[in-house]
């Protein structure tokens, strides 16, 4: 497996959290250690890419994480940039609307 950069890790977290998810499950789906996930989550929450919700659980309150609309747009824009960067003939600047 190749070494992932920050953008790959951010995309993995945001894709895993499209539906509300517990931190442990998010950690497994994004293939990160607990320390790595905490570092990224703090940054992504501050940036408004992910939000956390407290819910009442059976034994204690639970915290679930979910990708925000801003996070979804971020993923789409990174995917677009990746396609353009790879210089895929199918995609060019005229194919895509301007990114706001």
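Remark: pairs (first residue in the range 77-95, under 21 Å from residue 49 (Cα atoms); second residue at pLDDT below 70 and exposed (fewer than 10 other Cβ atoms within 10 Å of the Cβ); Cβ separation under 6 Å; 6+ apart in sequence or on different chains) = 77/99. When residue 88 is tested against (1) modelled with pLDDT of 80 or more; (2) within 21 Å of residue 7 (Cα to Cα), just one condition goes unmet, and that condition is (1).
Let's see how each residue does on (1) in contact with a helix residue (DSSP H, G or I) (Cβ under 9 Å, 6 or more places away or on another chain); (2) touching a residue at least 24 places away in the same chain (Cβ under 8 Å):
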site	(1), (2)
34	yes, no
43	yes, no
46	no, no
51	yes, no
58	no, no
61	no, no
66	no, yes
73	no, no
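Scanning the range 27-60 for residues that are in contact with a strand residue (DSSP E or B) (Cβ under 6 Å, 6 or more places away or on another chain) and more than 19 Å from residue 76 (Cα to Cα) gives 52, 53, 54, 55.
The values are calculated or read from the model by the stated rules, or taken from the named source; none is laboratory data. Because the structure is predicted, anything quoted here is derived from the model rather than measured. Ideal geometry is used to build each Cβ from the backbone, glycine not excepted, and the neighbour counts take in all protein chains shown.
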